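Beneath this line is the structure, given in structure tokens, with notes to follow.
The values are calculated or read from the model by the stated rules, or taken from the named source; none is laboratory data. These figures come from a predicted structure and were not determined experimentally. Glycine gets a Cβ as well: all are built from the backbone with ideal geometry, and neighbour counts include every protein chain shown. Only protein heavy atoms, including side chains, enter the accessible area calculation; ligands, DNA and RNA are left aside. Shrake-Rupley method; radii C 1.70, N 1.55, O 1.52, S 1.80 Å.
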Amino acid sequence: MSTAIEQTKRVIPDRLETPFRRLLGSWEVLLFCVAVAIFIANSLASPYFLNAWNLSDATFNFTEKALIAFAMALLIIAGEIDLSVAAIIALASTAMGYAAQLGVGAPGLVAIGITTGLACGAFNGLLVAGLKLPSIVVTIGTMSLFRGISYLVLGDQAFGKYPPEFAFFGQGYVFWVVSFEFVLFLVMALLFGILLHRTNFGRHVYVIGNNPLAARFSGIPVERVKFILFLLTGLMSGIAAVCLTSRLGSTRPSIAQGWELEVVTMVVLGGVSILGGSGTIVGVVIAAFVMGLVTFGLGLLNVPGIVMSIFIGLLLIITIALPIVTRRIKHARNA
Amino acid sequence: MQKLLKNREMLLGLIIIVMILGFTTRAPNFANPDNLVTIFNDTSILIILALGQMVVILTKSIDLSVAANLAFTGMAVAMLDSAYPGLPLALLVLIAIGIGAALGAINGFLVWALQIPPIVVTLGTLTIYRGMSFVLSGGAWVNAHQMQPDFLGVPRLPVLGLPILSWVAIAVILLVGFILARTAFGRSTYAAGGNPVAAIYAGIDVGRARFLAFVLSGALAGLSGYLWVSRYAVAYVDIAAGFELDSVAACVIGGISIAGGIGTVIGTVLGALFLGVIKNALPVIGISPFAQMAISGIVIVLAVVFNARAEAKKGRIILRDRAAGKEVTA
């Protein structure tokens with residue numbers, strides 16, 4: 001057997017660890033320091049970085065993914081996962097494009113996009129919460145299904161004729177450099193933060209992630225909570241689809257390819273345990289900034305997108321591995 | 001007869017035969033031996049990849065990086081072949097398997113030593129390996145005219161009616177079947193996935209089993225890398241995009257439980273063949289190839305539903321109302 005019986009010295013500290021000390025060692029603070037470091041590195045690396053309009057452009061990199069990441073964070077905390085979010089974006093975008101061809105105006109397009117997202121989320125929710133299927137394979141299946149429907153409708157064509165008012169969501173500014181997407185991101189961060197950290201529903205999510213059986217015996221309607229979480233994920237994917245389609249002004253079946261992995265990376269980077277049961281919205285917000293800064297900074301240095309994704313992959317693995325490695329070193333030193 | 005039908009693999013085999021017969025009504029040549037050989041040949045790479053994925057899933061893990069592994073190894077081997085025409089094919093195949101195994105070992109090491117959940121590890125290495133493929137090739141393609149004749153030709157050589165590619169798939173099927181049924185490592189994968197805690201108490205090193213499973217999956221992905229670039233006679237960064245999901249789908253359809261510990265080699269092969277038959281049949285019966293993804297998705301969802309019904313364990317009874325004849329379970 002590999003576990004050694006450790007002789008730990010009982011150390012009674014003079015002062016107990018204050019909440020402030022505990023906060024200092026938390027994941028969110030560590031991530032915030034990383035964000036600041038990247039910000040400084042970027043401003044040293046490129047003279048174009050510290051420009052208000054450029055920074056505002058940088059936010060477009062992560063706001064849409066972050067919208068989905070908030071809902072995904074709740075889902076992962078509850079112990080499930082949804083890999084079909086990017087495909088939901090594709091399907092919602094295709095639905096909006098089709099409606100735009102038929103001449104539907106901007107409010108109608110938004111409604112269609114959001115409704116498609118909700119419908120896809122409900123489908124996922126029925127399969128996972130209703131039929132109690134494992135979410136990872138179900139969402140792999142629905143990922144193929146939703147994007148497949150997109151491919152079926154569009155083939156290798158693209159929908160392009162969107163009404164000009166529709167462009168506001170992705171390209172509009174609320175005041176000065178602050179874009180509509182960024183304001184939406186902040187509003188959703190606040191709403192999800194309140195939902196997760198200050199409501200009963202949020203507490204239920206944590207319990208289900210930590211101990212599903214205890215949750216059920218405590219009277220928490222586990223299936224209903226999970227269904228709502230999948231609905232939320234679908235809803236946020238629909239909203240992200242509206243923003244992305246409005247920003248791009250066109251729809252291809254390959255839209256948002258690979259985004260599900262980036263969203264999961266953002267969530268895990270934000271300190272949410274992939275096994276469920278812990279995590280904060282604040283962490284996800286900071287992780288969104290970190291990923292946006294890295295992507296934008298590398299973009300300013302003309303690094304190709306696929307090399308950028310190497311950095312994101314490394315970032316994911318290192319951020320997960322670092323606490324484990326430091327804990328091992330600490331144990332080895334104490335023993 | 002009922003018992004035979006209840007056997008999941010039998011049922012899947014029956015469904016495939018029914019599908020082939022069904023497609024034959026629309027296209028009379030579908031059930032020809034030539035066409036069946038073509039279907040098996042087309043599906044060979046998926047079979048090899050799915051078998052590697054199966055071993056990983058058995059240990060309660062998942063390997064989403066196999067396609068990126070395939071792409072990197074295929075690109076590396078193709079570049080080697082075009083740069084050094086004198087290298088013998090056998091050496092190139094060994095290099096491919098070696099590189100694949102090394103990439104798989106990285107996955108396995110992160111899962112074993114650092115105990116990072118496999119989905120996170122393979123999500124990360126998926127993008128890293130794909131990016132490395134770009135860095136290696138600089139975005140350039142390796143085209144057919146840059147590859148040597150035996151590099152391209154050997155897998156297509158027909159031996160006893162089947163191309164060598166199909167024979168390689170058959171060899172891998174026999175090898176993996178032997179490993180799982182007759183070696184200690186193979187048995188330990190079932191234990192590690194079925195009940196990891198019990199496996200540890202029984203003296204099985206679960207971490208090591210996972211590590212070796214990832215190495216095997218990587219090695220098979222490396223082999224598939226060579227086979228892919230040879231079959232399609234081209235190597236570029238985006239090859240096999242999304243193929244890892246096909247390998248997971250083949251496993252799920254074949255009855256491998258995503259929770260680990262349940263599944264057979266025959267099931268995986270049949271699952272891969274199921275997807276292969278559908279893929280080959282679509283153009284023949286006049287459905288747009290763009291429908292393939294949607295059909296794959298529906299098939300996966302149905303397979304998962306079917307798997308779940310088959311595996312469902314009756315929960316603990318927490319309330320029994322004898323008068324009403326009702327039970328509440330959890």
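Results, tabulated for the structure shown:
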| item | result |
| --- | --- |
| Net lengthening on full extension, A:Ala52/A:Ala167 (0.36 nm per residue, minus Cα-Cα) | 39.2 nm |
| Kyte-Doolittle mean at least 1.0 and Cα axial length at least 24 Å: DSSP H helices in chain B | B:8-26, B:33-58, B:66-83, B:89-112, B:118-137, B:164-182, B:265-284, B:292-311 |
| Among A:Lys65, A:Lys132, A:Lys226, residue whose mean-square fluctuation peaks in a GNM of chain A (springs only between Cα atoms under 10 Å) | A:Lys132 |
| Mean residue ellipticity (222 nm) of chain B, computed from DSSP H runs ≥ 4 via -39,500 (n - 2.57), nearest 500 | -23500 deg cm²/dmol |
| For chain A, built as a Gaussian network whose Cα springs stay under 10 Å, the top-fluctuating residue of A:Val137, A:Val325, A:Val29 | A:Val325 |
| At least 27 Å along the helix axis (C-alpha) and Kyte average at least -1.0, DSSP helices within chain A | A:52-77, A:106-125, A:135-154, A:222-248, A:281-300, A:305-334 |
| Probe 1.4 Å, accessible area per residue of segment A:284-328, Å² | 41 |
| Chymotrypsin sites (Phe, Trp or Tyr not before Pro) restricted to DSSP loop in segment A:242-319 with at most 13 other C-beta within 10 Å | none |
| Of all accessible heavy-atom area on chain B, the percent that carbon and sulfur account for (1.4 Å) | 68 |
| Loop-resident sites, segment B:90-164, for chymotrypsin sites (Phe, Trp or Tyr not before Pro), counting at most 15 other Cβ within 10 Å (DSSP) | B:Trp141 |
| Residue (of A:Thr94, A:Ile208, A:Ile38) at the positive-pole extreme of chain A, dipole from beta-carbon charges | A:Ile208 |
| Diffusion constant of segment B:1-108 at 20 °C, which comes from Stokes-Einstein with the Kirkwood Cα-pair radius and 1.002 mPa s, µm²/s | 124 |
| Cα-based reach from A:Lys330 at 14 Å (exclusive), listing aspartates and glutamates while leaving out same-chain residues under 8 positions away | A:Glu6 |
| For the protein assembly as shown, convex hull of alpha carbons as volume per residue, Å³ | 214 |
| Candidate aspartates and glutamates - alpha carbon under 15 Å from B:Lys60, same-chain residues fewer than 8 apart omitted | B:Asp205 |
| Heavy-atom accessible surface that A and B bury in contact, both chains counted, 1.4 Å, Å² to 100 | 3500 |
| Those aspartates and glutamates that a straight Cα-Cα span of less than 13 Å connects to A:Lys226, excepting residues fewer than 8 apart in one chain | A:Glu80, A:Asp82 |
| Given chain B, longest segment not containing exposed loop trypsin sites (Lys or Arg not before Pro) (DSSP; at most 16 other Cβ within 10 Å) | B:1-312 |
| Per residue, in Å², the accessible surface of segment B:159-263 once ligands and nucleic acids are set aside, probe 1.4 Å | 37 |
| Structure-based [θ]222 nm, chain A - -39500 (n - 2.57) summed over DSSP H runs of at least 4, per residue, nearest 500 | -23500 deg cm²/dmol |
| Assigned charges on the beta-carbon of Lys, Arg, Asp, Glu; segment A:221-335 dipole about Cα centre (debye) | 360 |
| Estimated FRET transfer efficiency when R0 is 45 angstrom, pair B:Ala171-B:Leu302 (beta carbons, to 0.05) | 0.90 |
| Where the Cα pairs of chain A fall when distances are cut into 10 Å bins, in % | 6, 23, 31, 24, 11, 4, 1, 0 |
| Kirkwood hydrodynamic radius of chain B, Cα pairs, Å | 20.9 |
| Space enclosed by the convex hull of the alpha-carbon atoms of segment B:194-330, per residue, Å³ | 179 |
| Cut-off under 5 Å, modelled amide H: who pairs with A:Val174 long-range | A:Ser179, A:Phe180 |
| Å² of accessible area per residue within segment A:135-257, as computed with a 1.4 Å probe and no ligands counted | 44 |
| Kirkwood hydrodynamic radius (C-alpha pairs) into Stokes-Einstein, segment A:210-335, 25 °C and 0.890 mPa s, D in µm²/s | 140 |
